[in-house]
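**Student:** Structure provided below as structure tokens; questions to follow.
The values are calculated or read from the model by the stated rules, or taken from the named source; none is laboratory data. Bear in mind that the values here come from a model prediction, so they are computed numbers and not experimental data. Quick reminder, even Gly has a Cβ in these numbers, built from the backbone with ideal geometry, and neighbours come from all protein chains shown.
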Amino acid sequence: MPDEAEIRDAILGLVRSRAAGKTVCPSEVARGLADDWRPLMDDVWRVAADLHDEGRLAVTQKGEAVDPRAATGPVRLGRV
């Protein structure tokens with residue numbers, strides 16, 4: 001299982017690899033880290049929320065900025 005630093009690097013790397021204004025799904029991060037990716041989703045989500053709190057990651061839902069700790073349903077991760 002990847003550690004927090006690996007998850008952080010994967011999130012930021014994937015977001016940076018996209019064109020400005022484009023976003024990624026948290027499951028894309030997990031899929032890039034392990035074949036059995038579903039168990040990683042909670043960790044990916046937690047690290048993404050921490051990056052958002054640090055001002056290093058945008059989290060959106062239906063194109064609107066959201067608090068990742070309060071959001072329900074699908075979200076997207078993007079550049080700040």
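**Student:** Among the listed residues T72, T60, T23, identify the single one that is of a type in the set (S, T, N, Q) and over 13 Å from the mean Cα position of the chain (by Cα).
**Tutor:** That would be T72, the only listed residue that is of a type in the set (S, T, N, Q) and over 13 Å from the mean Cα position of the chain (by Cα).
**Student:** Write out, first by first residue and then by second, each pair whose Cβ atoms fall under 7 Å of each other, whose residues are 6+ apart or on separate chains, and whose first residue, in segment 48-73, is modelled with pLDDT of 95 or more while the second is charged (D, E, K, R).
**Tutor:** Every condition considered, the pairs that remain are A49/R69; L51/R8; A58/R79; T60/R76.
**Student:** Further, regarding this structure: If we keep just the residues of segment 1-33 that are free of Cβ contacts under 8 Å to residues at least 12 places away in the same chain and part of a helix (DSSP H, G or I), which is farthest from D43 (Cα to Cα)?
**Tutor:** Of everything passing the filter in segment 1-33, S17 is farthest from D43 (Cα to Cα).
**Student:** In segment 53-80, what residues are closer than 14 Å to D9 by Cα and either assigned to a loop (DSSP other than H, G, I, E, B) or out of contact with any helix residue (DSSP H, G or I) (no Cβ under 7 Å at 6 or more places or on another chain) (or both)?
**Tutor:** Once the filter is applied, which keeps residues that are closer than 14 Å to D9 by Cα and either assigned to a loop (DSSP other than H, G, I, E, B) or out of contact with any helix residue (DSSP H, G or I) (no Cβ under 7 Å at 6 or more places or on another chain) (or both), segment 53-80 yields R56, L57, R79.
**Student:** Has segment 35-43 got at least one residue that is surrounded by fewer than 11 Cβ atoms within 10 Å (Cβ to Cβ) and within 11 Å of the chain's Cα centre (by Cα)?
**Tutor:** If we filter segment 35-43 for residues that are surrounded by fewer than 11 Cβ atoms within 10 Å (Cβ to Cβ), which is where we start, we get 35-36, 38-39, 42.
Next cut, within 11 Å of the chain's Cα centre (by Cα) only: 42.
The answer is yes, given that some residue of segment 35-43 is surrounded by fewer than 11 Cβ atoms within 10 Å (Cβ to Cβ) and within 11 Å of the chain's Cα centre (by Cα).
**Student:** Quick check on my filter: what residues within segment 45-80 are among the small types (G, A, S) and in contact with a strand residue (DSSP E or B) (Cβ under 9 Å, 6 or more places away or on another chain)?
**Tutor:** A48, A49, A58, G63, A65, A71, G73, G78
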